[in-house]
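Below you'll find the structure, written out as structure tokens, and then a few comments.
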């Protein structure tokens, strides 16, 4: 049963039967899916954004990412979000991994891509985004920020780890 219907998500309440035969309720956030991109400006240097996230009430480091538009392919979403958020197009978008960001409550599937051979264009922030800065850093520096707890966004941590050699 849908208990909330929003612009990008729905929330439903499901009654399920557990392995032991008991019934339980689960609240599920229905999400159309998303794409995220770790952009490499050079062989060992990446671009991150700093964005305020209301849910955690912090300015955090993230890789560019966004929700699929209706009927949009994951790779198309990745290319769109890359240009919107950091003002680059990618010569190559390589699939890295497919994740379930929070499978206990969220139906979202996230496809993470590695972007290389970047070409500068211009940003096109959406009206509801709060991107405060674009930061270039060495991949190893980003990994050090992960170890220090200064990068805590899961998709960003995962993408950094996936690209370490």
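Throughout, read-outs are computed from the coordinates displayed, never taken from laboratory work. Values in this document were obtained by computation on a predicted structure and should not be read as measured data. Please note: Cβ atoms are built from the backbone with ideal geometry, for glycine as well, and neighbour counts cover all protein chains shown.
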Classify the stretch 62-114 as rounded, prolate or oblate from the Cα gyration tensor: take a ≥ b ≥ c as the square roots of its eigenvalues, call it rounded if a/c is under 1.5, otherwise prolate when a/b beats b/c and oblate if not.
prolate
Using alpha-carbon positions, the gyration tensor of the stretch 85-165 gives root eigenvalues a ≥ b ≥ c; with a/c under 1.5 called rounded, otherwise prolate if a/b exceeds b/c, else oblate, the class is rounded
Max mean-square fluctuation residue, GNM over the chain, Cα-Cα springs under 10 Å, options 137, 25, 110:
25
Based on the alpha carbon coordinates of the chain, what radius of gyration and maximum Cα-Cα distance (Dmax) apply, in Å?
17.3, 57
18 Å reach of a label modelled at residue 4, 7 Å along Cα-to-Cβ, counting backbone N of the stretch 26-49
26-33
Can you order the peptides 8-15, 56-63, 74-81, 34-41 by their average number of other Cβ atoms within 10 Å per residue, highest first?
34-41, 74-81, 56-63, 8-15
Give me the angle, in degrees from 0 to 90, between the Cα long axis of helix 74-86 and the longest principal axis of the Cα atoms of the chain, rounded to the nearest 10.
50
Value at 222 nm in deg cm²/dmol, rounded to 500, when DSSP H runs of n ≥ 4 in the chain each add -39,500 (n - 2.57)
-6000 deg cm²/dmol
Give the peptides 99-108, 112-121 in descending order of average Cβ contacts within 10 Å, highest first.
112-121, 99-108
